[in-house]
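Comments concern the structure below.
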Amino acid sequence: MNLSELAAARRKTKDLRNELKQLKKELLAAGGQKAEVTAEVKELESAMELGDTLQTDYVTAGQHLEKACRTIPILLENMESYSDERMKERLNYLLEDLDQVYHECSIRRDDPDFSSTVQCLKQMATGAGAKNVADARGMSSVMLRSELENVAAVLKDAAGWSAPDFLALAYYFLHEDREGVKEMENGQRNALVREYFEMRFLKKFQAECESAGQGEKLKELIQIYVYE
């Protein structure tokens, strides 16, 4: 994150806290209990801040994933025509993107198969066998093609997954062990965290906001500070 992005993130955090402070005042003015409202608003603030981070990281990872998906077919198509140096150069560009595709709701860093394949590509790009990576007749080329196809299959699969409700995911992460959802299917995890958030917090707090005439304001804050 560069200086301008850091400054923008700080302004966003400051603005969110000011907005939530005003929401708290409205809820108290409508008859809410101070201790309860304070705890709820604080809990929402923590979830929104983490949700914003999760969403931002997910978008960034997705951009690198899409770029890698576009790069691999070009490499496969040109393996026989690229020089060794050209192939190594393009492969290193691909690896830069592959190092940025990780997210808890996409390709996880602790995925042993994917990590092993990426490590193999790195060795082929920089190791002793790199000399022949573009030689379509050599074993290095056969291995390279296989590894690229393996990576492409994983990326294609991950690109088809639906994004979670990041606020719900953040709330779940703040209250439960993240390990519990790691092995779940994409849709199963998304449904679980959404139901958990709604039942443990959102439905009740949403009703309180609506009673205080702040229901639309709550939706607006979530949209602005988590999803934009």
Handout entry: Sole residue being within 30 Å of E147 (Cα to Cα) and out of contact with any Asp or Glu (no Cβ under 8 Å at 6 or more places or on another chain), chosen from G51, G62
Key = G62
Exercise for the section: Taking L121 as the residue in question, decide whether it is surrounded by 16 or more Cβ atoms within 10 Å (Cβ to Cβ), modelled with pLDDT of 90 or more and part of a helix (DSSP H, G or I). Expected result: no
Practice task
Of all residues in segment 142-189, count the ones that are in a helix (DSSP H, G or I) and over 16 Å from L94 (Cβ atoms).
Solution key: 20
Fill in the blank from the handout: Of (1) modelled with pLDDT of 95 or more; (2) surrounded by 20 or more Cβ atoms within 10 Å (Cβ to Cβ); (3) hydroxyl-bearing (S, T, Y), Y196 fails just (2)
Exercise for the section: Kindly list, by first and then second residue, each pair from a residue in segment 8-35 that is farther than 21 Å from L50 by Cβ and open to solvent by less than 50 Å² (accessible area, probe 1.4 Å) to a residue that is in a helix (DSSP H, G or I) and among the β-branched types (V, I, T), limited to pairs with Cβ atoms under 7 Å and residues at least 6 apart or on different chains. Expected result: L27/V37
Problem - Lone unmet requirement of (1) surrounded by 13 or more Cβ atoms within 10 Å (Cβ to Cβ); (2) within 23 Å of T56 (Cβ to Cβ) for M87 - result: (2)
Handout entry: So L167, is it modelled with pLDDT of 95 or more, within 19 Å of the chain's Cα centre (by Cα) and open to solvent by 50 Å² or more (accessible area, probe 1.4 Å)
Key = no
Practice task
Scan (1) more than 19 Å from the chain's Cα centre (by Cα); (2) within 18 Å of L167 (Cα to Cα); (3) without any contact (Cβ under 8 Å) to a residue 40 or more places away in the chain; (4) open to solvent by 30 Å² or more (accessible area, probe 1.4 Å) for the single condition E43 breaks and write down its number.
Solution key: (3)
Exercise for the section: Say whether the condition of being open to solvent by 30 Å² or more (accessible area, probe 1.4 Å) and among the basic types (K, R) is met by at least one residue in segment 183-192. Expected result: no
Practice task
Identify, from the list R70, R109, R86, R90, the residue that is in a loop (DSSP other than H, G, I, E, B) and either free of Cβ contacts under 8 Å to residues at least 12 places away in the same chain or over 30 Å from V193 (Cβ atoms) (or both).
Solution key: R109
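The values are calculated or read from the model by the stated rules, or taken from the named source; none is laboratory data. What you are looking at is a predicted structure, and each value in this text was computed from that prediction instead of being measured. With ideal geometry, Cβ positions are generated from the backbone for all residues, glycine too; neighbour counts draw on all protein chains shown. For the accessible areas, the whole protein counts, side chains as well, though only heavy atoms, and no ligand, DNA or RNA atoms are used. Shrake-Rupley method; radii C 1.70, N 1.55, O 1.52, S 1.80 Å.
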